[in-house]
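J.: The structure that follows is given in the form of C-alpha cells.
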Amino acid sequence: MSVTEGSTSVNVEDPAPAGPFDVIVLGAGSGGYATALRSAELGLSVALVEADRIGGTCLNRGCVPTKALLQAAHVADEIREANRLGVDASLNGVDPAALHAFKRSVVDRMHKGLTGLIGQRGITVVPGHGDLVSPSEVRVGQATLAARRAVVLAMGARPRPFAAAAGAAGRVLDSNRALELERVPASIAVLGGGVIGVEFASLWRSLGAEVTLVEALPHLLSHEDVSCSKQVERQFKKRGIRVKLGAAVEDVVETAQDVTLRLAGQPPVTAEYLLVAVGRDANLEGAGLARAGVATAGGLVRTDAVSRTTAPGVWAVGDITAGPQLAHRAFGQGIAVAERIAGREVPPSDLAGVPRIAYCDPEVASVGLTEQQALERFGPDGYRAVEQSLMGNARSLIQGAQGIVKVIRRTDGPIVGVHIVGRGAGELIAEPQAWVAWEAMPEEVAELIHAHPTQGEALGEACLSLAGKPLHQP
C-alpha cells in the first residue's frame, strides 16, 4: 500500500525506511492534524500516520456528527413550539434515513476539506498503525519511518466499556454505535451524566424517545458549577427526561427485547437500549511506548507543562494526556507543540482558560473557576459571585429560553470564572474567555455597551452588578 503527496511516496509494505521526516505524527485526530498542519506551515516535512479516517473521533464519530443530530433535534423542538409564536405547524415524524444522510453529508464535507488542506500543505499521509521503535523511529506495517526532529503522539481515545454491561444481545451501546442507530428507540437509558450522556439524552428526547438518565454522582455535569448542574437537572425534568442521581448500578440484565439496570436502593430501569457513557480511555496499546521510554500514569501519557514526554524528542497531545478531553484543547496543544519543535518559545497553556461546552438543551458553557473552586482557592471572603437569570432577558423570553449567567471575581480583583446555561450558551462563551484570559476587571467590562436585545447583554448586566451598579437587578 502506498500514499503519494507531491513527490513523496511511502510504501508501508517496504521494509526500507522512508523519509526521513522532520516530524512524524501518530494519529490524525484534532491534536494530530493540527500539529501536522502547523508544522508544515512552518516549513517542516511531516508524516501523518493514521489507521482510520483523517479527522479522528471528533470529525467522524464525535463532536461533528453529534452536533448535526442535535441540530435536527433542535428543529424538532422548534416545530413543537411553533404554535406559541402564532405559527401553525406540526411535527409529522422523524425520518432516520434522512437524518443520517444529513449527518454524513456534514461529516463528509468537513473530511473532504480537511484532506484537501493536508494535501495542499505537502503532508505525507501514511495509512496504518504506528509503533514506536525508538524515540525517533516509527514502524508502520513493514516500513520504518525516521524523524529528524520529533515524534508527536496523538492517538486519541475510545469509549470506556462498563464491565457489568457486556451482554451480547446488542442492546448495550457505546457512543459510536449510538450514532448509527437506524431508528429512534421507543425508550433508552443513558448511564453517565457527563457531556456525552446529557447530549445524547437531550437529542433522543427531542426526537421522541422516553429517556432515563442515570448518574452515580450527586449531580449531572459534575465538573461544572453546581448552579449549572441544577439548572440542567430541572430543565431536563421539565422536558420529561427522568433523572436518577446518586444511582449506583449493581447489575445490567440484557435480553433480546430490552435491557434492565438494577440500581442500589432505587427501582430498576428498563429500556429498549442502554447507552454507556462513563468516560473514554486513551489509545495507548500497541504504540511501543515503553520500548521508546515514554512513561504513562493512570492510563495516560505523562507529559510536562509544554507537552514533552519522558522520551527525548517525543511529545504528546490530546486525549492521551491529562486534562479535559476536548477537541479545541487538542488543537491548541498541537499548534503549540509544532511551534516548539520549530524552535519558537511558546508558554504553557492555562487549562482554566479552556472553554467547556455541553450542547444539550439547555446548553451549558463555562470558562475558568467554579464557585466551589474559587471558595477553595481564595476562601469565603476572597471572591464574589453574581448569578443573573435569563428570565428577565428580552431575547431569551422571545426564544422561550431559560437559564442563568454566573460571573465570579476575586474580591476587588479580576474575573476568574464565567458560567452560562441557556440557548446558544456555547456561542456566548467566547467573550468571557477573553475576560478570564486577560484578567479583566468587572468594572472594565461594565464600560462596554452590549447590544440590545441580545442574550449577551446578560453578561454585561452581571458585570454591572459585580461593579456595584446593577441596572435591572434589585
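J.: Determine, yes or no, whether residue 147 is of a type in the set (A, V, I, L, M), open to solvent by less than 20 Å² (accessible area, probe 1.4 Å) and under 15 Å from residue 19 (Cα atoms).
T.: yes
J.: Is it fair to say residue 108 is at negative phi, surrounded by fewer than 16 Cβ atoms within 10 Å (Cβ to Cβ) and not hydrophobic (A, V, I, L, M, F, W, C)?
T.: It is true that residue 108 is at negative phi, surrounded by fewer than 16 Cβ atoms within 10 Å (Cβ to Cβ) and not hydrophobic (A, V, I, L, M, F, W, C).
J.: Whether any residue in region 423-431 is open to solvent by less than 10 Å² (accessible area, probe 1.4 Å) and within 18 Å of residue 221 (Cα to Cα) is what I want to check.
T.: yes
J.: Would you point out which residue out of 319, 361 is under 30 Å from residue 236 (Cβ atoms) and either open to solvent by less than 10 Å² (accessible area, probe 1.4 Å) or in contact with a Ser or Thr (Cβ under 6 Å, 6 or more places away or on another chain) (or both)?
T.: Exactly one of 319, 361 is under 30 Å from residue 236 (Cβ atoms) and either open to solvent by less than 10 Å² (accessible area, probe 1.4 Å) or in contact with a Ser or Thr (Cβ under 6 Å, 6 or more places away or on another chain) (or both), namely 361.
J.: When the residues of region 131-144 are narrowed to those that are part of a strand (DSSP E or B) and open to solvent by 50 Å² or more (accessible area, probe 1.4 Å), which ends up nearest to residue 50 (Cα to Cα)?
T.: That would be 139.
J.: Can you name every residue in region 190-237 that is hydrophobic (A, V, I, L, M, F, W, C), without any contact (Cβ under 8 Å) to a residue 40 or more places away in the chain, in contact with a helix residue (DSSP H, G or I) (Cβ under 9 Å, 6 or more places away or on another chain) and more than 18 Å from residue 74 (Cβ to Cβ)?
T.: Matches in region 190-237: 213, 220.
J.: Something else now. If you scan region 432-470, which residues turn out to be touching a helix residue (DSSP H, G or I) at 6+ places or on another chain (Cβ under 6 Å), open to solvent by 40 Å² or more (accessible area, probe 1.4 Å) and either in a helix (DSSP H, G or I) or closer than 14 Å to residue 387 by Cα (or both)?
T.: 437, 470
J.: So which residues in region 111-126 are polar (S, T, N, Q) and open to solvent by less than 60 Å² (accessible area, probe 1.4 Å), if there are any at all?
T.: Listed by number, the residues that qualify are 115, 124.
J.: Then there's this: Looking only at helices (runs of 4 or more DSSP H) that lie completely in region 166-273, which have at least 3 residues being open to solvent by 30 Å² or more (accessible area, probe 1.4 Å) and within 21 Å of residue 364 (Cβ to Cβ)?
T.: 195-206, 226-238
J.: Could I ask something else about it? Could you tell me whether any residue of region 115-123 is more than 30 Å from residue 205 (Cβ to Cβ), small (Gly, Ala, Ser) and touching a helix residue (DSSP H, G or I) at 6+ places or on another chain (Cβ under 7 Å)?
T.: Yes, the conditions are met somewhere in region 115-123.
The values are calculated or read from the model by the stated rules, or taken from the named source; none is laboratory data. Bear in mind that the values here come from a model prediction, so they are computed numbers and not experimental data. No Cβ is skipped: glycine too gets one built from the backbone with ideal geometry, and neighbour counts run over all protein chains shown. Areas reflect the complete protein model, heavy atoms only, side chains present, ligands, DNA and RNA absent. Shrake-Rupley method; radii C 1.70, N 1.55, O 1.52, S 1.80 Å.
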